[in-house]
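The values are calculated or read from the model by the stated rules, or taken from the named source; none is laboratory data. These numbers come from a predicted model, not from an experiment. When we count neighbours, we look across all protein chains shown, and the Cβ atoms used for this are built from the backbone with ideal geometry, even at glycine. In case anyone asks, the SASA skips ligands and DNA or RNA and just uses the protein heavy atoms, side chains included. Shrake-Rupley method; radii C 1.70, N 1.55, O 1.52, S 1.80 Å.
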Amino acid sequence: MKRLMEGIFALLYPDYVACILCGEEAILNEKGLCVSCEKSICRSEHPAQVRYASGFTAGLIFAGATMDAVHRLKYGDARYVAPFLASYIEIPPEWEIDVIVPIPLHWRRLWKRGYNQSALLAESLSGRFGIPVAEKLLRRVRYTKTQTALGAAQRTKNIRGAFSASGSVKGKRILLVDDVCTTGATLSTAAKALLDAGAAVVYACAACETKRD
């Protein structure tokens, strides 16, 4: 009886259960969040529009613990955060999608980081919705400085002409995936490149978007 009770106690209160956002040991919800972090995150309920995309959706608001999680994913090799962030992205049922395309990194940044965080998000979405990922359909052909510290006009100028799409996109219905949408400059530039190459329609999504006033 003692062993049985110890087993039940271990299931209810395992030795180590860390919140995916704050890292504290706690009783977690189904997404791996403690009570405090669950209350702190905010879903994106009214996503902004992205130019050249026929629709846009985002999972969470880029703030607080969510912002920290994205930074760990991008710069701290915290690849385990990608499925968590992707789990909040909901694709509208009316969107008909043939293939998922992540926003690509320039080869220099990819070499330095070792992975593309948007590709990790795309793979998670692929597993949930059963839609294949095709990274080679879109390339970043120009190295650009990070968009983080730039204003809206500067972001548009910085990312202009940065992408080139393969002719294989012709006739395809594509879902673009990025980690964060701030002004939409990156997603809109990528969407235009895909449409110019013959894509039938382009939808866009992001794990997070900045809060709109």
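Do any residues in the stretch 163-182 that are under 19 Å from Leu125 (Cα atoms) have Cβ atoms under 9 Å from those of residues that are assigned to a strand (DSSP E or B) and charged (D, E, K, R), where the two are at least six apart or on different chains, and which pairs are they?
These pairs meet every condition: Val180/Glu209; Cys181/Glu209.
Are there any pairs, at least 6 apart or on different chains, whose C-beta atoms fall under 8 Å, with the first in the stretch 69-80 and surrounded by 13 or more Cβ atoms within 10 Å (Cβ to Cβ) and the second at pLDDT below 90 and among the aliphatic types (A, V, I, L, M), and if so, which?
Ala69/Ile20; Ala69/Leu21
Condition check: under 22 Å from Tyr80 (Cα atoms), at pLDDT 85 or above, open to solvent by 60 Å² or more (accessible area, probe 1.4 Å) and not small (Gly, Ala, Ser). Does Lys172 satisfy that?
no
Collect the residues in the stretch 27-68 that are in a loop (DSSP other than H, G, I, E, B), open to solvent by 60 Å² or more (accessible area, probe 1.4 Å) and of a type in the set (Val, Ile, Thr), keeping them in residue-number order.
Once the filter is applied, which keeps residues that are in a loop (DSSP other than H, G, I, E, B), open to solvent by 60 Å² or more (accessible area, probe 1.4 Å) and of a type in the set (Val, Ile, Thr), the stretch 27-68 yields only Ile27.
Restricting to the stretch 196-210, give me the number of residues that are under 20 Å from Ile91 (Cα atoms) and open to solvent by 20 Å² or more (accessible area, probe 1.4 Å).
4
Those residues that are in a helix (DSSP H, G or I) and surrounded by fewer than 22 Cβ atoms within 10 Å (Cβ to Cβ), I need them from the stretch 101-119; list them, please.
Residues satisfying the conditions are Trp107, Arg108, Arg109, Leu110, Trp111, Lys112, Arg113, Ala119.
Those residues that are in contact (Cβ under 8 Å) with a residue 12 or more places away in the chain and over 21 Å from Val169 (Cβ atoms), I need them from the stretch 93-126; list them, please.
Arg108, Arg109, Arg113, Gly114, Tyr115, Gln117, Leu120, Ser124 - these are the residues of the stretch 93-126 that are in contact (Cβ under 8 Å) with a residue 12 or more places away in the chain and over 21 Å from Val169 (Cβ atoms).
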